[in-house]
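Below is one structure; the comments refer to it alone.
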Amino acid sequence: FELPQAARCEVGVFDLSGRRVALLDDTLRPAGRDRLEWNATTDDGSVAAPGVYLYRVNAGGHIRTGRIAILNPGD
């Protein structure tokens, strides 16, 4: 993702019913391109089940969403 200016950035992963399964970041991030990786671990420490998930980046009041597919967690 890319931020035009420094902003508090909250990045979460959600299942298809809308429940958050992982919070990847909730910090102030600098302007520019940035990257986060998700190792398919949920907030409770377990490995996420195979399937489709949604990610949401909320930065400076702008929200972007997308899809993530997990085929073989733990590989």
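Show me, for region 44-57, the HN-Hα J-couplings you get by feeding each phi into the Karplus relation (A = 6.51, B = -1.76, C = 1.60, θ = phi - 60°), rounded to Hz, glycine and proline as x.
Karplus-based 3J(HN,Hα) across region 44-57 equals 8, x, 7, 8, 5, 6, x, x, 9, 10, 10, 10, 9, 10 Hz.
Taking a temperature of 20 °C and a viscosity of 1.002 mPa s, what whole-number D in µm²/s does Stokes-Einstein yield for region 9-50 with Rh from Kirkwood over alpha carbon pairs?
For these conditions, the coefficient is 187 µm²/s.
I want the local charge near Asp26. Using Cβ-Cβ distances under 13 Å, sum +1 for each Lys or Arg and -1 for each Asp or Glu among the other residues.
+1
In square angstrom, what is the accessible area per residue of the chain with a 1.4 angstrom probe?
That works out to 70 Å² per residue.
Would you mind telling me the share, in percent, of accessible area of the chain contributed by carbon and sulfur at probe 1.4 angstrom?
Using a 1.4 Å probe with all protein chains present, the chain comes out at 48 percent carbon and sulfur.
At each listed q (0.18, 0.26 Å⁻¹), what is the log10 of I(q)/I(0) that the Debye formula gives for the chain modelled as equal alpha-carbon point scatterers?
So the normalised log intensities are -0.71, -1.21.
Give me the accessible area of Asp43, 1.4 Å probe, in Å² rounded to the nearest 10.
So the heavy atoms of Asp43 present about 80 Å² to solvent.
For Leu16 and Arg35 in one chain, what is 0.36 nm times their gap in residues minus the Cα-Cα distance, to one decimal in nm?
Extra length available between Leu16 and Arg35 comes to 4.6 nm.
Could you list which residues have their amide H under 5 Å from that of Ile68, counting only those 5 or more apart in sequence or on another chain, with H placed in the peptide plane?
Under 5 Å from the amide H of Ile68 lie the amide H atoms of Tyr53, Leu54, Tyr55, each far enough along the sequence or on another chain.
Please list, ordered by chain and number, the residues whose modelled amide H lies under 5 Å from the amide H of Leu24; skip anything fewer than 5 residues away on the same chain.
HN-HN under 5 Å from Leu24: Val11, Gly12, Val13.
For Ile63, what accessible surface area do you get with a 1.4 Å probe? Give it in Å², rounded to 10.
Near enough 110 Å² of accessible area.
The values are calculated or read from the model by the stated rules, or taken from the named source; none is laboratory data. Please read all numbers here as calculations on a predicted model, not as lab measurements. Note that each Cβ is placed from the backbone with ideal geometry, even for glycine, and that neighbours are counted across all protein chains shown. SASA here: full protein model, heavy atoms, side chains in, ligands and nucleic acids out. Shrake-Rupley method; radii C 1.70, N 1.55, O 1.52, S 1.80 Å.
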